[in-house]
Structures are given as C-alpha cells and as structure tokens.
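Here it is, the structure in full.
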Amino acid sequence: MSGFFWLASYPKSGNTWLRALLKNYMLDDDAPLSINNLHTGFSTGDRAWLDACSGLDTLDFTDDELDRLRAEVYSWYASSCSDADFHKTHEALEAFGCVNAALDNPAISGAVYIVRNPIAVASSLADFLDVSVDDAVDIMAKESAAIRPVGAYYGPVRQRLSSWSRHVESWLDARDIGVLAVRYEDLAENPMETLSKIVRFTGLEHCTERVEKAVRFSGFDELQRQEENAGFVEMHSSGRFFRRGSGREKIHDTTPEIADRIVSAHGAVMRRLGYL
Amino acid sequence: MHYQAYGLRLESDLPIPEFLEADHPAAQPDFVIKKGNFSSPRSSKATQTGPFTFIDGSILWFRIPGLADFEMNNGREIRYSPSPGIDNDTIRLILLGLPVAALLVARGITVLNGAAFVIASNTYLLLGRRGPTRADLVASCLSGDGEILSDKFIALGPENRVLIGNRRIEMPGWIEGCGLNDKIYLTRSRKELNRLSWVQDYSPTSFPSAATVAYLIDGGISARADAGASTLRGLDKQKALLACLYKYKTLEPLYRDSGVLQMLVHLSAKLDLYRIPSSLAGSFDWRDHIRSLTRS
C-alpha cells in the first residue's frame, strides 16, 4: 500500500502540521525531521513541477484547460506510485459550479481533509495575507475565491477555493473519492488517536511507538524551536509561521462582532462539525 | 512558406511570423512543419514517457488532449493535428515550445531553459532552472523600453553560437537565473506575493494577463500572447491587446561571436534543459557538450 493521497484543507487549517506528522511517521527517524524538509510531494499549485512533469509550458493554457490537463498528469503520476504518496492541496473538490476534475480523479487513492474552526482560520488568514480580520472574513465568504497569481507572471496554478463552507462541504460530501475528515482541534487534543486514524486510513503500517514519536517530533514546541533556530522556508518575510498550536487563543481573541459574522456565514457547516 | 530559424531552413504550411522569411526560399529545407490528421501515438511500439509524450525510436509524439497532437520525426519533420475548433494561434503557441525544442535536440542542438531580451540595444540571456524567477524577472527588466526575443528556451548550436529563434546574438550582458545582478534585482516580500495570489472574485476575464510577452502582428489587428493564452482564446481581444506588455519589433539578425560559452560553462550547474523528455535527451550529457564546445 498505499498509493496517491491528497492532504487537503482550506488554507491556514493545519496542512503543514499534518505534513510534519505524516513525514515524521513515515521516516521513523531518531530525530525530528527538519521543518525545511517537509517534502511530501508536489502540491497542486506547483506550476514548476507541473511544467517539468508534463513537458507543457503551462502558462500557454487557460485555467480551465489546465485543470483538464492536470487530471491527466496526476493520473499518470499516480499510476507510478507504489508507496504512500501525499500531496498538499488547498483546492475545493467542487467549486464554481463544477467538480474539480483534476482532484476528483479515479487514479487517486483518497484524501485526508483537515478542517479547522473558521474563527481561528480567519485570524491566521488575516496574518498570512497581511489584511484585517474583517477582510479575511470577507474572503472566506466568497464563493468565487481562488488562489491565482495576479501580480506575478509565473505563480501558482489557479486553485479554486470557493467559500470556507463550500470548500468544507465539497470534501465532506465527496462521492467518488474516499475522504477521511479530521478536525484540527481533534488532532491538537488527541494527536495519538487522530494520527493513528490517518495512518490506518492511508494504508500505512500502524505502529503505536512510531505514532508516539511522530507526535512528539511534530509538536508545536519542536516546530517553533526549529523555526526560531533555522527559520522556515514557507514562512512570511516577517513574523512566525508556527505561532500558536491550539487555536484557542485565536478564537478567544476574536471580537464578538467578527465571530458573529463568521457564524452568520458558516453556521450550518460549523454546527455540522461540532463547532457550535 | 519558407523560413529560417535556429540556424536552419524550414518549410511550413502554418504561418509562423516569429521566424524570419527565408533568404533563399528555393533552397532545400532542413525540416518541414505540416498539418496532418492523426492521433498520437501512431506506433503500437511507442513507449509513454510522460503524461503527454510517447516515443518510438527517433519519433516523439506530444499529445495534448482537446488541443492538438504533434509528431516530431527524426529531426526532419513536425506534423501537427489540431483538435476540432482549435485555431492556428493556439497551435503555434504550443508548437514553438516542446515540439520545436525536441526537433532541435534531435538535430544535436542543446536547448536550455531560458529567455532572451533586449534593453537599450544590449541583448541579455536569462538562464536558469525552471521556476518563478525567470518570467517575473524578464517582465521586471522590461518595465521600461525593451523587447523579448524568446521567453521559452535558448538553443546552443554546433558552431559555438547561441541561437534565439531567427537570429544569432551577441552577448554584452548576461543574468543568472537566480536573479541577482548589479543592475537587476527582483524582490517581493512573501506577504506581498501571498496577497497578489489571492483573488476574491475569480473569473477568467478578470485577469489582465499572465503573459510574459505578447506580439502585435498584422498592424495590431490580430494578436498573440506567447504565454497566458487565456487572454486570447475565447475572450475579449481588445482586453488582450491592452494586456500585451511589449510590442514585437523585427530586428536585423546579428551574427557575431560572443563569449557566451565561457559564461555557460561557468553557470552550467545552474542551467536546466528545456522541457525535453529524458528519454529523448537520453544519456546525452549537455554539460560535457558545452565544455567540449569550449575546448574546440
């Protein structure tokens, strides 16, 4: 086992942490993996990888054309995966009125979807994008949101996000691809149990000692220590990537007005996930 | 139509205004480009080497579903087969990438990932590995008055010459792919890039252009972007024209020696072959090739 898996999430929902956990588990090393070596495989926004793998000049194609071509690239790549292969994506499985054919692909073995309380996401996203929390909440409510380079000519491939609610539901209600949904908060509070579920779902051989070690090597204290000592290549130009582990502080610090806006926009899905 | 490009003569039934018209149209062409009607691969013995590439001996197929099929035959012929409804601009856009590069490789020409552009009468090569630096840097360099000669690849011919499409160039300056240079330095904060990459209201027409280079031809009536096809196909051409960054100008070919080989050897660790399938490039050691050219 185990094939090609998406590690999917709305941005700022714990995808990096999940990658650290899985990579530490798979490596089973005696020391924590460097946070600057979390290479779990290409991400779906990675244009350079797509160019290199496909032979295409991807800038020559429209976003929709590229989605169709990406489906073929991922299928071809997945057919050669003999071991567990994990790839990060922030794309919604269904957005802009259609299924994302690039991701919802019969060659894919499944997906681990990590979801986080949107109140904490809003705070993280505001910091990541250097915008106000109000603006971040606006973005999270937009059905037409996408990641796509505007000012850079060679940027990530267009990734359809849609709203936070639509993003979550597209993955939770996936019909053609097996999805294990994991709450960030459960991973934070019960990391052993939650990581064990992920390991079993993805067909990796389960070993309690390795799970314990991976959790220890991927703890926020460890991630923060590494970032302080050596920096983090995926970090902003200022500030820190690994700021606070549980997200409780973010929720606590959020003003009632902001929280109300988020609940108003995403209450149904928050209730479905037990956040309300 | 007869053209000359990359030091070669070619005959094409597809108009390619990027190439110079041939000085001697009656001369035997080195290779031909012609339309066909086929699906790739056309050989049952072909091996798939990538999601869109197949190879059988000296024949390479490049199949792009819904757009076109290409067949590169022994460095002598490129056949193209458009999918229904696909226009010549689109075919040319793709043809000038991997199909032409593969043909050049088959003829013993080294094809490197890179771009060439002119600023204030100086020609620059920008060479380096794939990634976001090159296209952004070219665009940044050309924020004033400049022109792009090629934004896809640089060919290194058998006569110690750099071949840029229809011309050989002199080399008064060069820039490393890393983008660090006394004169040109591109930097953006990560947060700025994050912000630039987020779009609240996505629609295909809401973007000005992803084009790194655009050509205005036929007196500005028709247009083509060398990158960022979304601006030109099925969308508003006026917007596409407005989005065009640089106007194409025809330059006189330059045939002068240069010290480019020494520069290439110096930089060889940072260079990257253009998107040629490894099975086609085979065991060909292009860095050794560059060194041998220098020695000769």
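Which numbered condition in (1) in contact (Cβ under 8 Å) with a residue 60 or more places away in the chain; (2) touching a Leu at 6+ places or on another chain (Cβ under 7 Å); (3) not small (Gly, Ala, Ser) is the only one that A:VAL182 fails?
Checking A:VAL182 against (1) in contact (Cβ under 8 Å) with a residue 60 or more places away in the chain; (2) touching a Leu at 6+ places or on another chain (Cβ under 7 Å); (3) not small (Gly, Ala, Ser), the one that fails is (2).
Given the condition on the phi < 0 side of the Ramachandran plot, within 14 Å of chain A (Cβ to nearest Cβ), of a type in the set (Asp, Glu) and out of contact with any Ser or Thr (no Cβ under 6 Å at 6 or more places or on another chain), answer yes or no: does some residue in the stretch B:29-40 qualify?
No, the conditions are met nowhere in the stretch B:29-40.
Under the condition of being within 12 Å of chain A (Cβ to nearest Cβ) and of a type in the set (D, E, K, R), which residue from the stretch B:83-112 is surrounded by the most Cβ atoms within 10 Å (Cβ to Cβ)?
Taking the candidates together, the pick is B:ARG92.
Sticking with this structure for a sec: Can you name the number of the only condition in (1) more than 11 Å from every other protein chain (Cβ to nearest Cβ); (2) out of contact with any His (no Cβ under 9 Å at 6 or more places or on another chain); (3) touching a residue at least 24 places away in the same chain (Cβ under 8 Å) that A:ASP30 fails?
Against the list (1) more than 11 Å from every other protein chain (Cβ to nearest Cβ); (2) out of contact with any His (no Cβ under 9 Å at 6 or more places or on another chain); (3) touching a residue at least 24 places away in the same chain (Cβ under 8 Å), A:ASP30 comes up short only on (3).
Quick grid of which residues meet (1) at pLDDT 85 or above; (2) part of a helix (DSSP H, G or I):
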{"residue": "A:PHE128", "(1), (2)": "no, yes"}
{"residue": "A:GLY155", "(1), (2)": "no, no"}
{"residue": "A:SER162", "(1), (2)": "yes, no"}
{"residue": "A:TRP171", "(1), (2)": "yes, yes"}
{"residue": "A:VAL182", "(1), (2)": "yes, no"}
{"residue": "A:GLU185", "(1), (2)": "yes, yes"}
{"residue": "A:LEU204", "(1), (2)": "yes, no"}
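Being within 11 Å of another protein chain (Cβ to nearest Cβ), of a type in the set (A, V, I, L, M, F, W, C) and in a helix (DSSP H, G or I), is that true of even one residue in the stretch A:109-119?
No: zero hits.
Here is a list of conditions, (1) part of a strand (DSSP E or B); (2) in contact (Cβ under 8 Å) with a residue 60 or more places away in the chain, and B:ASP69 meets all of them except one; can you say which number that is?
(2)
Based on this model, can you work out whether A:ALA174 counts as crowded, with 21+ Cβ neighbours inside 10 Å and either closer than 18 Å to A:ALA8 by Cβ or over 19 Å from the mean Cα position of the chain (by Cα) (or both)?
Answer is no for this residue.
Which of the residues spanning the stretch B:22-50 are of a type in the set (Asp, Glu) and over 22 Å from B:ILE94 (Cβ atoms)?
B:ASP23
Residues to consider are A:TRP17, A:TRP49; find the one that is within 14 Å of chain B (Cβ to nearest Cβ) and either among the hydroxyl-bearing types (Ser, Thr, Tyr) or part of a helix (DSSP H, G or I) (or both).
Of A:TRP17, A:TRP49, the one residue that is within 14 Å of chain B (Cβ to nearest Cβ) and either among the hydroxyl-bearing types (Ser, Thr, Tyr) or part of a helix (DSSP H, G or I) (or both) is A:TRP49.
Taking the stretch A:1-14 as the search range and keeping residues that are under 21 Å from A:HIS206 (Cβ atoms) and assigned to a strand (DSSP E or B), which one is nearest to the chain's Cα centre (by Cα)?
Result: A:LEU7.
What single numbered condition from (1) away from chain B (no Cβ under 14 Å); (2) assigned to a helix (DSSP H, G or I); (3) surrounded by 22 or more Cβ atoms within 10 Å (Cβ to Cβ); (4) of a type outside the set (Ser, Thr, Tyr) fails to hold for A:LEU103?
(2)
Of all residues in the stretch A:59-89 being facing another protein chain (nearest Cβ under 9 Å) and touching a residue at least 60 places away in the same chain (Cβ under 8 Å), which is farthest from the chain's Cα centre (by Cα)?
Going through the qualifying residues, I end up with A:LEU59.
A further question follows. State whether the residues of the stretch A:27-39 include one that is under 29 Å from B:PHE153 (Cβ atoms) and surrounded by 21 or more Cβ atoms within 10 Å (Cβ to Cβ).
There is no residue in the stretch A:27-39 that is under 29 Å from B:PHE153 (Cβ atoms) and surrounded by 21 or more Cβ atoms within 10 Å (Cβ to Cβ).
The values are calculated or read from the model by the stated rules, or taken from the named source; none is laboratory data. It should be emphasised that the depicted structure is a prediction, and the values quoted were computed from it without experimental measurement. Using ideal geometry, Cβ is built from the backbone for each residue, glycine included, and neighbour counts are taken over all protein chains shown.
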